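The numbers here are math on the coordinates, done by the rules we state, and not lab data. All values reported here derive from a predicted model rather than from experimental measurement. Cβ sites come from the backbone with ideal geometry, for glycine too, and all protein chains shown count toward neighbours.
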Amino acid sequence: MVEKDFEDLWYYVVAEPTDYHVDFKIYVIEGRKEDGTPLFHEKGKRSSPAPVDKLVDADVYAHGGVKWDGCSNWSIDELDRCMLHFCSKQQAQDLGLILGECYNMARTLCPKWDGD
């Protein structure tokens, strides 16, 4: 398992690689502790902020996987709880950017990678 904090995008990614694909869980960073530790939205809470620092206690924003050939499938878990909400155009664009970063991670983590 590989975890990566994308501070500039306000997303945190957990990747589980295998020989032919990488599974991902994407979390939204809701804030940070004074020491820089990311805080996530507490599982099941309807209002914000509801910060927790353990992933086991946090809502998964999206999950999916990227295969060795570059194909991917994604589920946006946030849509099961609510509509997607962005406070700016940049936040909307960042969703696409974090999916692109997952591809970058798959390219390096998947031993049989032969994708784009």
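Numbers below:
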item	result
Positive-end residue, region 2-109 charge dipole about Cα centroid, Cβ charges, pick of Gly64, Ala15, His85	His85
Cα-based equivalent ellipsoid of region 2-51: semi-axis lengths in Å, sorted from largest, via gyration tensor	24, 14, 8
In degrees, nearest ten, helix 89-109 long axis to first principal axis of the chain (Cα)	40
Under 16 Å, Cα to Cα: Lys pairs in region 2-109, sequence gap 8 or more or different chains	8
The chain: relative contact order as a whole-number percent, Cα under 8 Å and 6+ apart	25
Dipole axis of region 2-109 (+1 Lys, Arg; -1 Asp, Glu on Cβ), positive-most option in Leu97, Pro38, Ile76	Ile76
